[in-house]
1. Evaluate region 56-69: report whether one residue or more is closer than 16 Å to LEU33 by Cβ and touching a strand residue (DSSP E or B) at 6+ places or on another chain (Cβ under 8 Å).
2. Please enumerate the residues belonging to region 13-29 that are touching a residue at least 40 places away in the same chain (Cβ under 8 Å) and of a type in the set (Val, Ile, Thr).
3. Evaluate the following for PRO38: is it touching a residue at least 24 places away in the same chain (Cβ under 8 Å) and surrounded by fewer than 16 Cβ atoms within 10 Å (Cβ to Cβ)?
4. Out of all the residues in region 1-35, which are within 17 Å of PHE84 (Cβ to Cβ), surrounded by 14 or more Cβ atoms within 10 Å (Cβ to Cβ) and over 15 Å from the mean Cα position of the chain (by Cα)?
5. For the structure I just gave you, tell me whether GLY54 is assigned to a loop (DSSP other than H, G, I, E, B) and either β-branched (Val, Ile, Thr) or at pLDDT below 95 (or both).
6. Which of the residues belonging to region 52-67 are buried (at least 20 other Cβ atoms within 10 Å of the Cβ) and either among the charged types (D, E, K, R) or more than 13 Å from ALA98 (Cα to Cα) (or both)?
7. Could you check how many residues of region 105-133 are at pLDDT 95 or above, part of a loop (DSSP other than H, G, I, E, B) and within 12 Å of PRO90 (Cβ to Cβ)?
8. Among the residues of region 89-125, write down those that are farther than 17 Å from ASN56 by Cβ, surrounded by fewer than 20 Cβ atoms within 10 Å (Cβ to Cβ) and of a type in the set (A, V, I, L, M, F, W, C).
Amino acid sequence: MSSNDDRIAQVEHHFGVRFPQDYRDFLGTTGSLSRFVPPSDDFLVIDVLDELIGNNEAGEFQKRFPGAVVIGGDGSRELLAYDFRQDPPPLVTLDVSAEDWSSAIHQAMSISALLENFSQNGWKWDKVDPPLS
């Protein structure tokens, strides 16, 4: 097991989850992302692995959103999180000031799908039911 695999396993253990394989692959290759994505011109942040625990603890996200692991966001108020209450865990956005899960907005069923469609679609801002898998 590589040191990056070990670190991913440590972070997963901290949260009591197993990240989807495509996110694990992203962490092992690209690692993080922080940029405007044309042509949608929305800003996308995917946090570096070593920041996940601290970022999640700083906002007490597990208290407000049990089962959430925040992995990034829009660089402002919207947080990108896995919803581990579901299997497989979809990606949702949560406003930084939200009280609970009622404000979650489905973004994608996987990090691969999010990244594949983000340049065209950007962030989804309306609550819609996620597609059936």
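The values are calculated or read from the model by the stated rules, or taken from the named source; none is laboratory data. Given the structure is predicted, the values throughout are model-derived calculations rather than measurements. A quick note on method: Cβ atoms are made from the backbone with ideal geometry, for glycine too, and the neighbour counts reach across all protein chains shown.
1. The answer is no, given that none of the residues of region 56-69 is closer than 16 Å to LEU33 by Cβ and touching a strand residue (DSSP E or B) at 6+ places or on another chain (Cβ under 8 Å).
2. VAL17
3. yes
4. Within region 1-35, ALA9 is the sole residue that qualifies.
5. Criteria not met by GLY54.
6. Within region 52-67, LEU52, ASN56 meet the criteria.
7. 2
8. ILE105, MET109, ALA113, LEU115, PHE118, TRP123, TRP125
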